[in-house]
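Chemist: Have a look at this one before I ask anything.
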Amino acid sequence: DKGNHRHFMEKEIYEQPEVVSHTLSHYIDFAEGRVKLDSAQIDFANLDRLAMSACGTAYYAGLVGKYWFERFARLPVEIDVASEFRYREMPLTGRMAALFISQSGETADTLASLRYCRDNGLTIGAVVNVRESTIARESNATFPTLAGPEIGVASTKAFTCQLSVLAALAMIAGRARGTLSAEDETGMVQALVGAPRLFNEVLQSIQPQIETLSRELSRFKDVLYLGRGTSFPLALEGALKLKEISYIHAEGYAAGELKHGPIALIDENMPVIVIAPHDRHFEKTVSNMQEVAARGGQIILITDEKGAAATTLETMATIVLPEVNEIVAPILYALPVQLIAYHTAVFMGTDVDQPRNLAKSVTVE
Ligand code: M6R
């Protein structure tokens, strides 16, 4: 049932404040203001490496998770798309664990990667949405995303719930490894606790501007997404979402890679969507935007109040979000990215919930 919504995808986008909050409450003690250590059945303190794998959007969630595990828990992460991971013959040692991410819990390549790690004796954790799935069953520890059934082929609420679980797990690992101070933990927990209410406000406030922008975007054949740090996986996710449902060709790049090739494509016919909260990467990303502007490229900037105040560049649109803790940023920035894809596809008249050639769950390799 779509309720008042035109598509399941739209309904699922608007469900995010609620399902993210529900998911977070599984891993975070809101009253205590700390993560629930016993919600992790992985001995993070004694690991020297974590292997991660997934496909598509779940892989991008994992990429954000890598930044978090390395930054907050000082735990090195090896991550790869499952179709590569399963054949890489990655050397695995006793002090590693493996973490797989899957909405459906049935993705063939992810499952094969899991079995490779299990056969090599690793402890297996899985972030899954479907709790009775094969991937959940074959894992030692399951970390549920409480997103509820996701019907739209383009993943939205599963992604933000995956990010929520990974944020909590990175904090749990950070506490277990003694690399995350109680003060930082409390600050991040507070930010996460306040996030769902903020998401509600943002979804309402940005919607009209994104509709206008999406009407313009629907005239283009190519779109480039750029980001640095945890905004880089968001750029990849933005490009995937747009191509999946609007069929507009889109690419996501690490902003620093611009000069290494994609800058050759910049002209007035390829809008560049820059995901750039005012974080420690902001200045660098601004200089990439200047390079785009100098070549006649049109910029759509997604930033926060501080970032908007700090740039004087002319943009096609600037979407301004509230300033948030760095652990909340990727979850918050997923919202405009999803809405841009959604509204652009609606203008193009495509089958948003059931895009051509795609299946919700890819159970063959
Ligand atoms: O069920 P899974 O999370 O394992 O699925 C992984 C991908 O197939 C999935 O995220 C796909 O990329 C979506 N269509 C993205 O919107």
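The values are calculated or read from the model by the stated rules, or taken from the named source; none is laboratory data. It should be emphasised that the depicted structure is a prediction, and the values quoted were computed from it without experimental measurement. With ideal geometry, Cβ positions are generated from the backbone for all residues, glycine too; neighbour counts draw on all protein chains shown. The area values use the complete protein model at the heavy-atom level, side chains included, leaving out ligands, DNA and RNA. Shrake-Rupley method; radii C 1.70, N 1.55, O 1.52, S 1.80 Å.
Chemist: Counting just the residues of segment 91-110 that are more than 9 Å from the ligand (Cβ to nearest atom) and buried (at least 18 other Cβ atoms within 10 Å of the Cβ), which one comes out nearest to ALA359 (Cα to Cα)?
Modeler: That would be LEU99.
Chemist: Among the listed residues TYR67, TYR59, TYR116, identify the single one that is within 13 Å of the ligand (Cβ to nearest atom), open to solvent by 20 Å² or more (accessible area, probe 1.4 Å), within 28 Å of ARG177 (Cβ to Cβ) and not hydrophobic (A, V, I, L, M, F, W, C).
Modeler: It is TYR59.
Chemist: Going by the structure shown, is ARG115 farther than 22 Å from SER39 by Cβ and outside any loop (DSSP other than H, G, I, E, B)?
Modeler: For ARG115, the condition - farther than 22 Å from SER39 by Cβ and outside any loop (DSSP other than H, G, I, E, B) - is met.
Chemist: What is the residue count in segment 296-305 for residues that are surrounded by 14 or more Cβ atoms within 10 Å (Cβ to Cβ) and either free of Cβ contacts under 8 Å to residues at least 12 places away in the same chain or among the charged types (D, E, K, R) (or both)?
Modeler: Result for segment 296-305: 1.
Chemist: I'm checking my understanding of the structure. Among residues of segment 2-50 that are in a helix (DSSP H, G or I) and closer than 19 Å to ASP184 by Cα, which one is farthest from the chain's Cα centre (by Cα)?
Modeler: Filtering segment 2-50 for residues that are in a helix (DSSP H, G or I) and closer than 19 Å to ASP184 by Cα, the one farthest from the chain's Cα centre (by Cα) comes out as ALA45.
Chemist: Counting just the residues of segment 330-365 that are in a helix (DSSP H, G or I) and either open to solvent by 10 Å² or more (accessible area, probe 1.4 Å) or out of contact with any helix residue (DSSP H, G or I) (no Cβ under 9 Å at 6 or more places or on another chain) (or both), which one comes out farthest from the ligand (Cβ to nearest atom)?
Modeler: To start, the set of residues in segment 330-365 that are in a helix (DSSP H, G or I) comprises 330-348.
The next check asks that each one be either open to solvent by 10 Å² or more (accessible area, probe 1.4 Å) or out of contact with any helix residue (DSSP H, G or I) (no Cβ under 9 Å at 6 or more places or on another chain) (or both); those that pass are 346-348.
Values: VAL346: 16, PHE347: 19, MET348: 17 Å.
Out of the qualifying residues, it is PHE347.
The rows are residues; the columns are (1) under 21 Å from the mean Cα position of the chain (by Cα); (2) within 16 Å of the ligand (Cβ to nearest atom).
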site: ARG131; (1), (2): yes, yes
site: THR160; (1), (2): yes, yes
site: VAL193; (1), (2): yes, no
site: GLN204; (1), (2): yes, no
site: LEU217; (1), (2): no, no
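Chemist: If you take the residues in segment 26-52 that are over 27 Å from ILE79 (Cα atoms) and without any contact (Cβ under 8 Å) to a residue 12 or more places away in the chain, which one is least open to solvent (accessible area, probe 1.4 Å)?
Modeler: Taking the candidates together, the pick is ASP29.
Chemist: Can you tell me which residues in segment 70-90 are in contact (Cβ under 8 Å) with a residue 24 or more places away in the chain and within 16 Å of the ligand (Cβ to nearest atom)?
Modeler: Selection gives ILE79, ASP80, VAL81, ALA82, SER83, PHE85, ARG86.
Chemist: Next question. Are there any helices (runs of 4 or more DSSP H) wholly within segment 138-247 with 3 or more residues that are open to solvent by 20 Å² or more (accessible area, probe 1.4 Å) and either in contact (Cβ under 8 Å) with a residue 40 or more places away in the chain or under 18 Å from GLY62 (Cα atoms) (or both), and if so which?
Modeler: 182-217, 231-246
Chemist: Could you list, in sequence order, the residues of segment 307-326 that are surrounded by fewer than 14 Cβ atoms within 10 Å (Cβ to Cβ) and among the charged types (D, E, K, R)?
Modeler: Across segment 307-326, the qualifying residue is only GLU314.
Chemist: Determine which single condition LEU169 fails, assuming it passes every other condition in (1) within 14 Å of the ligand (Cβ to nearest atom); (2) out of contact with any Lys or Arg (no Cβ under 8 Å at 6 or more places or on another chain); (3) not hydroxyl-bearing (Ser, Thr, Tyr).
Modeler: Among (1) within 14 Å of the ligand (Cβ to nearest atom); (2) out of contact with any Lys or Arg (no Cβ under 8 Å at 6 or more places or on another chain); (3) not hydroxyl-bearing (Ser, Thr, Tyr), the lone unmet condition for LEU169 is (1).
Chemist: Checking PHE72 against (1) in contact with a strand residue (DSSP E or B) (Cβ under 9 Å, 6 or more places away or on another chain); (2) open to solvent by less than 50 Å² (accessible area, probe 1.4 Å); (3) not in a loop (DSSP other than H, G, I, E, B): exactly one of these is not met. Which one?
Modeler: Going through (1) in contact with a strand residue (DSSP E or B) (Cβ under 9 Å, 6 or more places away or on another chain); (2) open to solvent by less than 50 Å² (accessible area, probe 1.4 Å); (3) not in a loop (DSSP other than H, G, I, E, B) one by one, PHE72 breaks only (1).
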